[in-house]
Structure formats: C-alpha cells, structure tokens
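Structure, as structure tokens:
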Amino acid sequence: MIKTSGIHHVAIICSDYERSKKFYTEILGFTIIEETFRKERNSYKLDLKVGNNDQIELFSFPNRPNRVSNPEACGLRHLAFKVENIEQTVAYLKSQNIEVENIRVDDLTGKKFTFFQDPDNLPLEVYEL
C-alpha cells in the first residue's frame with residue numbers, strides 16, 4: 001500500500017487555450033499560479049489554484065486526440081467542485097450563459113448537486129457542502 005496525503009492536481013487538455021483560460025479564471029474564478037509556454041511543444045501549461053489546496057493543470061496541445069466526455073463514459077467520470085450555496089452558484093453560471101442541469105439531491109448524503117460543462121464539454125459538477 002502507498003501512503004498519499006491527497007491529490008496533487010487534475011490535468012485537463014483543452015482545444016482552445018484562450019477560451020478555456022477565460023472560462024476557468026474569469027467564470028469559475030480560479031487563480032493563476034503560473035502560466036508557461038513550452039516552445040518545443042507549441043503548448044501552454046496553466047497552473048490554477050482551486051480552493052485552498054487544490055490545483056488544475058490546463059494544457060493546450062496541437063493535434064490532441066478527442067475523448068468521449070459523456071458523464072457515464074469509461075474513465076474519468078467528472079470533476080466536482082465544493083460550493084457553499086448551490087442555488088447561487090447555478091444562478092451565477094446561468095448568468096454567464098453556461099447551461100446547467102437541474103439541481104438534484106444525492107440519495108446517499110442528502111446533499112444538492114448538479115452538472116455543467118467546460119468549453120470542451122468536460123463534465124463538471126458542483127456539490128453543496
């Protein structure tokens with residue numbers, strides 16, 4: 001067994017770097033830690049701070065393969081973010097012209113949650129604390 005102290009980061013490859021950068025920083029409000037252009041790869045890497053301890057690495061790559069992003073596809077199912085007030089979060093996302101599913105209640109925890117998508121249709125979830 002290995003000992004871990006948490007998840008270091010989640011990596012996302014986007015199709016349109018500027019559009020995704022705007023989505024994750026201006027709409028979702030994540031803070032830029034560092035932005036790097038890797039000339040040899042013709043690729044950007046954007047490190048984003050999510051909450052107090054979490055991080056997303058946003059990558060752009062030319063000629064990247066497409067991946068199925070349906071929430072029930074095999075592989076990573078979705079990325080979920082903790083929020084304090086789901087109704088306010090949903091109202092804000094809708095004000096930014098983001099389509100959001102109806103709010104549901106988790107049968108196991110009784111907590112509210114819903115899904116939306118990033119600019120590349122990656123399934124994202126907001127889950128109320």
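For this structure, a couple of remarks:
- Restricting the stretch 50-91 to residues that are more than 22 Å from residue 38 (Cβ to Cβ) and charged (D, E, K, R), the residue that is modelled with the lowest pLDDT: 72
- Residue 108 modelled with pLDDT under 95, surrounded by 13 or more Cβ atoms within 10 Å (Cβ to Cβ) and not assigned by TED's automatic domain parsing to the domain that holds residue 7: no
- Residue among 82, 3, 21 that is free of Cβ contacts under 8 Å to residues at least 40 places away in the same chain and within 12 Å of the chain's Cα centre (by Cα): 21
- Looking across the stretch 1-53, the residues that are among the β-branched types (Val, Ile, Thr), farther than 22 Å from residue 64 by Cα and either in a loop (DSSP other than H, G, I, E, B) or out of contact with any Phe, Trp or Tyr (no Cβ under 7 Å at 6 or more places or on another chain) (or both) come down to 2, 4, 7, 25, 27, 31, 32, 33.
- Pair list, Cβ under 6 Å, 6 or more apart: the stretch 52-68 residue over 20 Å from residue 8 (Cβ atoms) and among the small types (Gly, Ala, Ser), other residue outside any loop (DSSP other than H, G, I, E, B) and modelled with pLDDT of 90 or more: 60/14; 60/17; 60/43; 60/44
The values are calculated or read from the model by the stated rules, or taken from the named source; none is laboratory data. The structure displayed is predicted, hence computed values, not measured ones. Virtual Cβ from ideal backbone geometry, glycine too; neighbours counted across all protein chains shown.
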